[in-house]
1. Whole-Hz ³J(HN,Hα) for each residue in segment 79-87, computed from phi via Karplus 6.51 cos²θ - 1.76 cosθ + 1.60 with θ = phi - 60°, x for glycine and proline: what do you get?
2. Using each residue's phi in segment 153-159, evaluate 6.51 cos²θ - 1.76 cosθ + 1.60 at θ = phi - 60° and report the 3J(HN,Hα) Karplus result to the nearest Hz, with x for Gly and Pro.
3. Round to a whole angstrom and tell me the spacing of the C-alpha centers of segment 97-127 and segment 134-191.
4. Classify the chain: rounded, prolate or oblate, from the alpha-carbon gyration tensor (a ≥ b ≥ c, eigenvalue square roots; a/c under 1.5 rounded; otherwise prolate if a/b is larger than b/c)?
5. What do you get for the angle between helix 2-14 and the principal long axis of the chain? Use alpha-carbon atoms, 0 to 90 degrees, nearest ten.
6. Using the eigenvalues of the Cα gyration tensor, what equivalent ellipsoid semi-axes result for segment 43-145 when each is taken as the square root of five times the eigenvalue, whole Å, largest first?
7. Pairs 89/130; 108/171; 94/189; 57/102; 37/102: which are spaced more than 29 Å apart, C-alpha to C-alpha?
8. With 10 angstrom as the radius, rank 177, 26 by how many other C-beta atoms surround their C-beta, starting from the fewest.
Amino acid sequence: MKKIFLGLMICISFGIAGEMQYYDKVISLYPNKNDNKASGRLLPTNPFEIVKTDGDKVLLKISGFVNPKAPSVLYLNDTQRIIVAAFAKNTPPKLLNVIQGKNGKWDKADIEVWATKAEFVKDNKMMLAKAKEIYMQNCGICHTAHKENEFSANQWPATFNSMVNRTAIDKEDRWLVIEYLQKNAKDYKGQ
């Protein structure tokens, strides 16, 4: 009975397999549990599942779309450049459950990679609200802040990056704000 209770408490504390989780920071990704050098990054606000926990490491399952000609980047959908996870070109992730796209483009796939355990959450609404607040407090100082739906999802990263060095936005929050802007762009199609 104690073992069942302990197992249940671990699942509640660190996420249950199959349940979507989110994080508001960039997560370093490793192909193997014992690797010391990250080969990729998961960007904030993107969903993932915890497959299993082993000590201070978690095996994540991340789903998205990949261009077969550029397998180092996983995107949120099959039409926009909203990055979910990106990897070094010499260590692209192993793609699982691949569903081939039309005309050889944008295959849907899953990946499983290791990360360090953190306080993940089951909903990204609060982190998107935090990103909106950061954006509104910093990007309207020199001029009126652009409306989130003023640019397309593909235009927002370059627009934001061209001005971010003139703001007080911390480097660790920049991807959070970019993901927020892309997910509120005029042409955002969702997951």
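Only the coordinates and a few stated rules stand behind these numbers; no lab work does. Remember, predicted model here, so these are calculated numbers, not experimental data. Note that each Cβ is placed from the backbone with ideal geometry, even for glycine, and that neighbours are counted across all protein chains shown.
1. In residue order, the calculated couplings are 9, 10, 8, 9, 6, 8, 8, 9, 10 Hz.
2. Calculated HN-Hα couplings, in order: 4, 6, 7, 4, x, 5, 4 Hz.
3. 22 Å
4. Numbers: a/c = 1.97, a/b = 1.36, b/c = 1.45.
Verdict is oblate for the chain.
5. Relative to the chain, helix 2-14 is tipped by roughly 10 degrees.
6. Working: eigenvalues 154, 89, 27 Å².
They are 28, 21, 12 Å, listed largest first.
7. On the way: 89/130 32 Å; 108/171 31 Å; 94/189 26 Å; 57/102 36 Å; 37/102 35 Å.
Checking Cα-Cα distances, 89/130; 108/171; 57/102; 37/102 exceed 29 Å.
8. Numbers: 177 24, 26 19.
Going from least to most buried by this count: 26, 177.
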